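**Student:** Here it is, the structure in full.
Rule-based calculations on the coordinates, nothing more; no lab input. Please read all numbers here as calculations on a predicted model, not as lab measurements. All Cβ positions, glycine included, derive from the backbone under ideal geometry; neighbour counts span all protein chains shown.
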Amino acid sequence: MALVATALITPVCRLAALKLGVVDHPKDRGVHERTTPYLGGVAMLVGLLAALWVAGRLDVFHDAIVGNSELVGVIVGAALIVAVGTLDDARDVSAPAKMAGQILAGSAIYMFGVAMLYFRIPFGPFVVLGPDLAPIATVVWVIGMTNAVNAVDGLDGLAAGVVGLAAVAFFIFSFGFVRQGSIPETSVGPLIAAATAGVCFGFLPWNWNPARVFMGDGGAYLLGLLMASSTIIVGGRTPDVFPGKTYFFFAPLVIPLVIMGVAVFDAGFAILRRISARRSWHQADKDHLHHRLLRLGHGQRRAVLILYAWTALVSSVVLVPTFIGASATAFPLLIGALAVGLFTFMRPTGRGEPGRLTRRQRRALRRALREPA
């Protein structure tokens, strides 16, 4: 339902964005050459609400949804963070104001019960977060996830595909907690993960290169908040460990960091890079992973598919050993990493190769050749 509703409402939001002038214009640090409308985040929010509304009317989800304050908190936080992101899409909002909006959304989900209560360091101590640390940890988790998704949202279809794959992987993992009995069957964590995957894949056809609409900060912030909420409800609410055979499963909250590894690594590396260069940590640049892939000679679509492959691979590192066993999967995962690595770093040939003219440059050259001397 999330997929269908998002796919149907996205063109409506696209037309509204064009009419209202909420569009992205080509800029120096961007890779897009034409004006593209925003408001994809609004379409995603509508798709999410439609899916939760339908789920609430199904008997299997009735006990999990009706009267659940956590789900109310997720909806309130989602509405707040989409409003902040969409406002930034329509007119530039300062970094402190955007951070304040993220803090407000994180505080809202905490007030409704989505709180990080436990934290286990891999092979380290088990930490119970008291009422003084739980809200801080919850808000920091939301800020980290939203900015990680926003950092990876630089190419057509990249953020939607990466988060969609990560949401599917986390749904499979969290459902293992349900089957184990570590979290109740009425937990909405897996449900939110499934809905997140739905809105991503429903939006992706409209956002695939060449994109007809952007999710903007409104959509990136929404996906980050949804991933943060589902991971807190599952990993931050249970003191148990998953009966897996890899070290990741000694720390449930490490799982989303691994599954979201591409986005988390990109955001963390960007912050370190900017601080080391004595720049503001939130100052935009063109040194993200997708920018580096483009400079290696990959086209936009190929760069996106490469990052999809890395997301699927790191998700497999978490999921496959759980169901099959670490010893039986180590070699195939190693071969997969080698294959993706070679495809990433070997010099590509074809349309994306450095030195080839872009479509706009070829048109300009043809016009120049037709003009008389």
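**Student:** Provide the gained length on full extension for the span LEU133 to MET346, in nm with one decimal, where the gain is 0.36 nm per separating residue minus the Cα-Cα distance.
**Tutor:** Details: separation 213, 0.36 × 213 = 76.68 nm, distance 4.63 nm.
Gain on stretching LEU133 to MET346: 72.0 nm.
**Student:** Given the peptides 164-175, 130-141, arrange them by the average over their residues of other C-beta atoms within 10 Å, most packed first. Working shown, then result.
**Tutor:** On the way: 164-175: 24.1, 130-141: 15.8.
Per-residue mean Cβ counts within 10 Å order the peptides as 164-175, 130-141.
**Student:** Please order HIS62, HIS290 by the number of other Cβ within 10 Å, starting at the fewest. Let's see the in-between values first.
**Tutor:** Values: HIS62 13, HIS290 24.
Going from sparsest to densest Cβ surroundings: HIS62, HIS290.
**Student:** Relative to the present Cα-Cα distance, how much length would full extension add between THR186 and ASP59 at 0.36 nm per residue of separation?
**Tutor:** Numbers: separation 127, 0.36 × 127 = 45.72 nm, distance 1.19 nm.
Contour length minus Cα-Cα distance gives 44.5 nm.
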